[in-house]
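Chemist: Below you'll find the structure I mean.
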C-alpha cells in the first residue's frame with residue numbers, strides 16, 4: 001500500500017533536527033532521580049538542581065540507532081500472538097475509562113470488575129480486535145488491589161494479548177506476580193510474557209514523572225514488553241500549530257525511548273501517540289477531532305523515519321452516545337491513520353472523550369476494524385484475479401452469479417459484516433426496524449449469554465485466589 005504523506009523527506013529531517021534542538025536547548029524536566037543518573041551516565045547534560053536533562057545531537061544519534069523495527073504482543077493462546085508492523089492493523093480497545101454505559105439500563109455509571117470480565121469475554125469473541133487493553137477502571141477494587149481488580153478479570157476471560165497500565169511500582173509488581181502464576185513460574189513468564197505494559201512517562205510539555213518513568217525503566221531492565229505513549233495537545237500542552245505539536249511530541253518520544261535504549265539496547269518500542277488539538281471555545285479535550293487523525297498521520301511518517309512501528313489512540317469520539325458523530329469520528333480518523341501506515345489502533349468501545357465504555361460501540365468498532373483490515377488486504381492484484389478467461393466465457397449480457405468462481409471467492413472478496421444492515425426497507429422493518437446501536441447491543445448480548453470459552457483453568461485460578469486474599473471474583477456473568 002502506498003502511504004499518504006503530509007511531509008516531504010526534507011520536512012521530516014527538519015522535524016528531527018528541530019526535536020534535537022528542543023532536547024539540546026530546552027531539555028526535559030526529569031523528576032525521577034534514577035532516570036537522571038542513567039541519562040548522565042550516557043552523555044546527557046544533567047542539572048541536579050533543576051532536574052533538567054539536555055541531550056546532545058551525538059547522544060540522540062547514537063542511541064536511536066538501537067531502535068528495532070518490530071514489537072510483539074503475546075496472548076494466553078499463541079494463536080493470537082501478533083507482531084507489528086507485519087500484522088497491522090493491530091486493533092486494541094480503548095482503556096481506563098472510569099465509567100460504563102450500563103447495557104441493561106442505558107445509563108452511565110461507574111465501572112466495576114465484573115464489567116471488565118464481560119468486556120474481556122466480548123473482545124475475545126469479536127474477530128476485529130487483536131488485543132484487549134483494560135477498558136475501564138474497577139470501582140469495587142479492594143484496598144491495595146486497584147490494578148489487580150482490572151488485570152485479573154481481563155486475563156481470566158480473554159485468550160488474546162492483554163495490555164494494562166499501573167499507577168505505581170507496587171501495583172506493577174502485583175501484576176507481574178499475577179502473570180508469573182498464570183505462566184507457571186517467573187522463568188516461564190520471561191520466556192513468554194502474556195501481559196504488555198503501557199506507560200505515559202512524559203507529561204507534555206517536556207516533563208517526565210516519577211512513577212511511570214520508574215515503571216518503564218524496571219520493565220526494560222527485566223526485558224518485559226512495554227511501550228510509552230506521548231500525549232501532546234495543541235493549544236494547551238503543545239503549540240497551537242500541528243508542526244509545533246509534531247516537533248514537541250517527537251522530542252518527547254525521543255526522550256522516553258532513548259532512555260530505554262540506554263538501559264537495554266534493542267528494546268522493542270512503538271511510536272505511540274495520542275495527539276489532539278484543543279477546542280479553544282471551551283478548552284475541551286478533543287480526541288475525536290479530525291486533527292487527531294491528521295497528527296497521527298504525521299507522527300507515522302516520523303516513525304518510518306526512525307524505523308519503528310507506529311500508532312496509538314486514534315478513532316476515539318467525543319460523542320456521549322452511539323450516534324453518527326461517534327461513527328464518523330471513529331471512521332474518519334482510523335481510515336486516515338491506516339492510509340498513513342499506522343500499525344496500532346487503540347480505537348474500540350469508548351464514548352465521551354475516553355470517559356465511558358459502551359458494549360454496543362465495541363461491536364460497531366469491530367465492524368470498523370474488519371473494514372480497516374479489508375482495506376489493508378488490498379485488491380490482491382494478479383493475472384489470475386483479473387479473471388479474463390471467465391469474462392470471455394460469460395460474455396456480453398451474461399451473469400456471474402451461478403459460476404463456481406463466484407462461489408469460491410464470495411467470502412474472501414467481499415466483507416460480510418454481522419452488524420451492518422443491507423436489507424431492503426420492508427425486510428428491515430419486518431426484522432424490528434432496529435438501528436445500528438440496537439443491533440450491536442443484541443450481538444453483544446448473544447455473545448455474552450453463551451459459555452465463555454476463554455475462562456481461566458480452575459487450578460490456576462485457585463492459586464491466584466489463594467495468593468491475593470480478597471481479590472475480586474473476576475467472572476464474566478451477563479444474565480444477572
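Chemist: Which translational diffusion coefficient, to the nearest whole µm²/s, is obtained for segment 71-377 from the Stokes-Einstein equation, given a Kirkwood hydrodynamic radius over C-alpha pairs, 4 °C and 1.567 mPa s?
Modeler: 68 µm²/s
Chemist: Counting other beta carbons within 10 Å of each residue's own, what order do 384, 125, 11 fall into, fewest first?
Modeler: Exposure proxy ranking, most exposed first: 384, 11, 125.
Chemist: Counting other beta carbons within 10 Å of each residue's own, what order do 45, 148, 401 fall into, fewest first?
Modeler: If I rank by nearby Cβ atoms, fewest first, I get 401, 45, 148.
Chemist: Please report the antiparallel percentage of DSSP beta bridges with both residues in segment 71-377, rounded to the nearest 5.
Modeler: Rounded to the nearest five, the antiparallel share is 30 percent.
Chemist: Still on this structure, please answer the following. How far is helix 211-221 tilted off the main Cα axis of the chain, in degrees rounded to 10, range 0 to 90?
Modeler: 80 degrees
Chemist: Right, here's the next one. Can you give me the Kirkwood hydrodynamic radius for segment 9-64, using every pair of distinct Cα atoms, in Å to one decimal?
Modeler: 11.7 Å
Chemist: With contacts defined as alpha carbon pairs under 8 Å and 6 or more residues apart, what's the relative contact order of the chain in percent?
Modeler: Across the chain, relative contact order equals 20 percent.
Chemist: Angle check, please: helix 113-125 long axis (alpha carbons) against the longest principal axis of the chain (alpha carbons), in degrees 0 to 90, nearest 10.
Modeler: Helix 113-125 and the main axis of the chain meet at about 60 degrees.
Chemist: As a footprinting exposure proxy, order 365, 140 by other Cβ within 10 Å, with the fewest listed first. The partial results should precede the final answer.
Modeler: Values: 365 30, 140 14.
Ordered from fewest to most neighbouring Cβ atoms within 10 Å, 365, 140 come out as 140, 365.
Chemist: As a test, work out the antiparallel percent of DSSP beta bridges whose residues both lie in segment 138-283, rounded to the nearest 5.
Modeler: 15 percent
Chemist: Measuring from label point to label point, each 7 Å out along Cα→Cβ, what is the residue 445 to residue 62 span in nm?
Modeler: So the label points at residue 445 and residue 62 sit 6.3 nm apart.
Chemist: Roughly what angle does helix 436-448 make with the longest principal axis of the chain, taking Cα atoms, 0 to 90 degrees, to the nearest 10?
Modeler: Rounded to the nearest ten degrees, it is 80.
None of the figures in this text is laboratory data; all of them are computed from the coordinates on show. Being a predicted model, the structure only gives us computed values, none of them experimental. All Cβ positions, glycine included, derive from the backbone under ideal geometry; neighbour counts span all protein chains shown.
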